1. Please compare each pair in Lys390/Lys418; Lys264/Lys390; Lys158/Lys237; Lys158/Lys418 to a cut-off of 26 Å on the Cα-Cα distance and tell me which ones are over it.
2. Could you state the per residue volume, in Å³, of the convex hull enclosing the Cα atoms of segment 207-448?
3. Which semi-axes, in whole Å and largest first, does the equivalent ellipsoid of segment 300-440 have when worked out from the alpha carbon gyration tensor as the square roots of 5 times its eigenvalues?
4. Using a 10 Å cut-off around each Cβ, can you sort Thr378, Thr444 from fewest to most neighbouring Cβ atoms?
5. From Cα coordinates alone, what are the radius of gyration and Dmax values for segment 4-103 in angstrom?
6. Just to be sure I follow: if Rg is taken over the C-alpha atoms of segment 109-256 and Rh is the Kirkwood radius over the same atoms, what is Rg/Rh?
7. Assuming 1.306 mPa s and 10 °C, estimate D for segment 132-201 with Stokes-Einstein, Rh taken as the Kirkwood radius over Cα pairs, in µm²/s.
8. Counting pairs of Cα atoms in segment 180-277, how many percent are more than 25 Å apart?
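No lab work stands behind these numbers, since they all come straight from the coordinates. Note that this is a predicted model, so its numbers are computed, not measured. For neighbour counting, all protein chains shown are included, and Cβ atoms are generated from backbone atoms with ideal geometry for every residue, glycine included.
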Amino acid sequence: MMESLLVANRGEIARRIIRTARRLGIRAIAVHSDADAGMPFVNEADEAVELGPAAPAESYRNADRILDAARRTGARAIHPGYGFLSENASFARQVEQAGLIWVGPSPAVIELMGDKINARNAVAATGMPVAPGTPEPVAGEAAAIDAAAAIGYPLMVKASAGGGGMGMAVVHDEDGLRKQYAAVSGFAERMFGDRGVLLERYYPDARHVEVQILGLADGTVVALGERNCSVQRRNQKLVEETPSPGLDPELREHMLVAAVQAGKAVGYRNAGTVECLVYGEPGSQSFVFLEMNTRLQVEHPVTEEVWGVDLVEQQLRVAAGEPPSVDLAALRPHGHAVEFRVNAEDPIRFLPGPGTITTWTEPAGDGVRVDAGYAEGTRVTPSYDSLMAKLIVHADTREAALARARTALASFAIAGPKHNLPFFAELLGEPSFIDGTYSTALVTRMRAARP
């Protein structure tokens, strides 16, 4: 195992990685912007290095400054967390070229799966179902209109290099396609430096279900269950749970096998997630591939709680060329877990509401876990994502987990910035969420029903 680890991230995920590193006796090194100097993850690290101003380009996305911090501190490995540089193949190569251990899949796999079209084609070659769509970027508006006529509406217009719910739009007719093709391609060029756009069939009432895979140092790929991530706003997740309710057992097994086969086909190592859309009524469900995330997911704690495994520890072991700490093939899931992303945003329109935290009281008790990036007295700034913490509950059954969630949310007190705790209380009274029949349209329907 490496003796030192630089965590190239911030907030709750940096704190999460540092916790495991220190438990394993690894010297944990934090990097931070000047705006984050007093944050909990900085104080909990064994050593910390300031990168620069708050702007991510000057700090958390600045590869040269991060690598310089690694050299100065004698770091042996770099863990990128999620977001920022975590899926940047160029940065992963720089880390390896510097003689450091990269805690993630190979740069070649990151590059392959970072392009939605290449990823789609690669998994389709393994037999995994994909949605009807374009096998290559559409070459202009006219080509997009022709392709749309062949595929059929409604369609999802996607930035090929996009991720995290960014760079996509739904269109229902040719007029909408003309407008959104220009908007998505322009956004893609500004955000990702790549105007590539693909078209895929849109499933309006689907479930977003993903499989957690882990590629081991010996080439084995295992699946640790699936997660339902269908509670979303603006194509971005708010609540995740495992096991996924309302999923046909045969379909679940098919998804797990297909995800492992896809991982093996590309030589996947370390933690990754195969995201899918599930459509159809129980008893006649089907799924299609959505994308592969070549990193640790925000929602990984629900898998940890149900499977009893520390995914960050397994990531570090794989990166060090070591076997896992447990026999992963012998693990069996237990109970049900749900995660709530506590964001600094209003609970109605979900618009960011940064500010200084004047009250921060976390819930506690059996089956309750809080992975927080902030504490009382710290400030949520507009420079970064609005995620403040993740509340995770675990119980023997889904019904018991939801009951535990209601109690935990009621005792979670936050003042200062806006927050979305009231939305979760509302969600836990929503019939389709309670019975597990909800889809990605849930939040839109809830907001449309408000007076």
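1. Values: Lys390/Lys418 16 Å; Lys264/Lys390 31 Å; Lys158/Lys237 17 Å; Lys158/Lys418 31 Å.
Cα-Cα > 26 Å for Lys264/Lys390; Lys158/Lys418; rest within.
2. Numbers: hull volume 31.2 nm³, N = 242.
It is 129 Å³ per residue.
3. They are 28, 21, 13 Å, listed from largest to smallest.
4. Numbers: Thr378 19, Thr444 13.
Arranged by neighbour count, lowest to highest, Thr378, Thr444 become Thr444, Thr378.
5. Every Cα atom of segment 4-103 included, Rg and Dmax give 11.9, 32 Å.
6. Values: Rg = 16.4 Å, Rh = 16.6 Å.
We get a ratio of 0.98 for segment 109-256.
7. Details: Rh = 11.5 Å.
My calculation gives 138 µm²/s for D.
8. Numbers: 1696 of 4753 pairs.
The answer is 36 percent, as a whole percent.
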